[in-house]
Amino acid sequence: MDPPQPAKPPLNPLVKLALDFAPLALFFVANGRVGIFAATGVFMAAIVVSLATSYVLTRKLPIMALVSAVVVLVFGGLTLVLHNDLFIKMKPTIVNTLFGLVLIGGLAFDKPLLPLVLDQVLTLTPAGWRKLTLRWAIFFFVLAALNEIVWRNFSTDAWVEFKVFGTMPLTLLFALSQTPLILRHGEEA
């Protein structure tokens, strides 16, 4: 019997950001050079490589990244098999709505689920976790609505640009805007 392996340290935030952002960046570049269908294949492959790298580095898979990857693979696969970009365009709406519903569902049962994702990063009071969870749920619903507006009213290239240059900065700005709540409800380590 092998001795238990020591726990691997959490990922450096810059490495985590690179693993999260690289598939999207590759999707953007591939779309500009070879179109949405080839870009979808690149996106699918990059998501798998990103998850595998994350697992090798941490010996666990991040929940949100795993759910997103499954949806990318399913809807990317439908996009390629049916040669219809509607499916890859709907993926952000589905993922963000799913995340929002799961977070709201957890709150409905008085079990904020955001600590499962961010517990190693943040230590908050129960009231802080509830407030932050509700805010993130609402933000995910807003992202889902924005995705619907953009893909239904603009070109595919504009949608890809929004996905990269709109969604990522909006998410970063939203996360930073939660700093006062986090400081107000932070617990001492």
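Remark: the chain is approximated by an ellipsoid whose semi-axes, taken from the C-alpha gyration tensor as √(5λ), come to 29, 22, 15 Å, largest first. Expressed as a whole percent, the accessible area of the chain that falls on carbon and sulfur atoms is 71 (1.4 Å probe). Of the trypsin sites (Lys or Arg not before Pro) found in the stretch 20-91, those in coil by DSSP whose Cβ has at most 13 other Cβ atoms within 10 Å are Arg59, Lys60.
The value for the stretch 141-180 of Rg(Cα) / (2.2 N^0.38 Å) is 1.27. All other residues whose Cβ lies under 15 angstrom from that of Thr171 are scored, Lys and Arg at +1 and Asp and Glu at -1, for a net of +2. Taken along its principal axes, the alpha carbon cloud of the stretch 28-69 reaches lengths of 35, 17, 12 Å, longest axis first. Size descriptor for the stretch 81-128, Kirkwood hydrodynamic radius: 12.9 Å (Cα pairs only, one decimal). Put simply, the stretch 1-112 fits an ellipsoid with semi-axes of 27, 21, 12 Å; these come from the alpha carbon gyration tensor as the roots of five times its eigenvalues, largest first. The count of lysine pairs in the chain whose Cα atoms are under 27 Å apart, excluding pairs fewer than 8 places apart on the same chain, comes to 17. Based on protein heavy atoms only, the stretch 69-189 ends up with 55 Å² per residue of surface accessible to a 1.4 Å probe.
Here, the stretch 106-189 yields an orientationally averaged convex hull projection of 6.2 nm² when only Cα atoms define the hull.
The values are calculated or read from the model by the stated rules, or taken from the named source; none is laboratory data. A quick note: this is a predicted structure, and the numbers were derived from the prediction, not measured. A quick note on method: Cβ atoms are made from the backbone with ideal geometry, for glycine too, and the neighbour counts reach across all protein chains shown. When the accessible area is computed, the model is the full protein with side chains, heavy atoms only, and any ligands, DNA or RNA have been set aside. Shrake-Rupley method; radii C 1.70, N 1.55, O 1.52, S 1.80 Å.
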